[in-house]
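Every number here is computed from the coordinates shown, using simple stated rules; none is lab data. For clarity, every value in this text was computed on a predicted model and none was experimentally measured. FYI the Cβ positions are ideal-geometry reconstructions off the backbone, even for glycines, and counts take in every protein chain you see.
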Amino acid sequence: MEVIVVAHSKGGTGKSTIIWNLAHFIRSLDKPTIIIDLDFQQTQHYLHRIRTLEGLTNPQNDIPVFRPQTADALINTLENFSDHYILIDVGGYDNDINRIAISWADKIVVPLSDSITDVLGFKTFENILKEIDNPFINIVLNNIHPLTKNFNTIKEAIGSNEDIKLLDTVIRTRKIYKTTMGEGKSVFDINHTVAQDEIKGLYYEIISN
Ligand SMILES: Nc1ncnc2c1ncn2[C@@H]1O[C@H](COP(=O)(O)OP(=O)(O)OP(=O)(O)O)[C@@H](O)[C@H]1O
Ligand SMILES: [Mg+2]
C-alpha cells in the first residue's frame with residue numbers, strides 16, 4: 001500500500017522514535033501496518049517485545065516487527081505485505097540492504113535536528129541518496145527546542161532542490177517521546193494531544209506529497 005522509510009546515515013536523529021509513533025498512528029486508523037527493523041540494534045523489535053510483555057498488544061492493534069537479514073528476505077517481506085503500510089527503520093549507517101529499502105520506498109523521511117552536525121551529516125547522506133534511483137526526500141525537523149521558531153539557517157544549509165522538501169511539521173523535544181517508548185507505548189497510548197498532533201501532522205504531510 002505504502003512503503004515509508006525513515007532514514008539518515010547519521011545515528012540518533014530520531015528514526016526509531018518516528019517510525020514507532022507513526023506506525024501506531026497509522027494502525028489507529030485501522031490500516032494494516034507492519035514495521036521492518038533493519039537496524040542491528042533491533043530497536044523496533046525490542047520495543048515490540050516490551051509492548052507485548054506490558055500486555056499492550058492484542059490482535060486488533062498489534063504491529064508485527066520483521067527483521068529480514070538478507071536482501072532476498074527483505075524483498076519477500078515487501079512483496080508479502082504489499083497491501084500493508086510498511087514502515088522501515090533503517091540503521092544509522094549505509095549498507096546494501098538499507099539501500100534496497102530506500103529504493104523501494106514510496107516515501108523517504110529524513111529526520112534532522114537543527115544542529116550543525118545533523119545538517120552536515122545530511123549532506124553526506126544526500127550524496128548516498130543521489131546514488132539510489134529514488135530521489136524525493138521529505139525532511140522533518142525533529143528534537144527541536146520548544147522555543148525555536150526560526151529555521152532560516154537550516155533552510156539555507158539544505159538549499160533549494162526540487163527533490164527535497166522541508167516539511168512544515170516540526171517535532172519538538174519532548175520528554176514524553178522517551179518515556180512512552182521506555183514502556184513500550186506510543187504517544188497514542190497516552191493523553192498527549194500536542195505530541196500526537198506532531199506525528200499526525202507528519203503523516204498527513206508525507207501522504208499528500
Ligand atoms: N522529539 C524528541 N524529543 C525528545 N527526545 C527525542 C526526540 N526524538 C528522539 N529523541 C531521543 O533521542 C534519542 C535518539 O532517538 P532515536 O533512537 O529515535 O534515534 P535513531 O535515529 O533511531 O538512532 P539510531 O541511529 O541510534 O538508531 C533517543 O533517546 C530518543 O528518545
Ligand atoms: Mg534507531
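Some points to look at:
- Here is the figure for the stretch 84-127: residues that are small (Gly, Ala, Ser) and closer than 14 Å to residue 138 by Cα total 2.
- From 2, 54, residue being touching an Asp or Glu at 6+ places or on another chain (Cβ under 7 Å), more than 14 Å from ligand 1 (Cβ to nearest atom) and either within 27 Å of residue 113 (Cβ to Cβ) or not charged (D, E, K, R) (or both): 2
- Test result for residue 198, within 14 Å of the chain's Cα centre (by Cα) and surrounded by 19 or more Cβ atoms within 10 Å (Cβ to Cβ): yes
- Residue count for the stretch 133-188 satisfying the condition of being under 20 Å from residue 18 (Cα atoms), more than 16 Å from ligand 1 (Cβ to nearest atom) and either without any contact (Cβ under 8 Å) to a residue 12 or more places away in the chain or not in a strand (DSSP E or B) (or both): 1.
- The C-beta contact set for the stretch 81-100 (first residue more than 14 Å from residue 9 (Cβ to Cβ), second residue outside any strand (DSSP E or B) and among the small types (Gly, Ala, Ser), distance under 9 angstrom, 6+ apart or interchain) comprises 85/23; 87/23; 88/7; 88/101; 88/105; 100/71.
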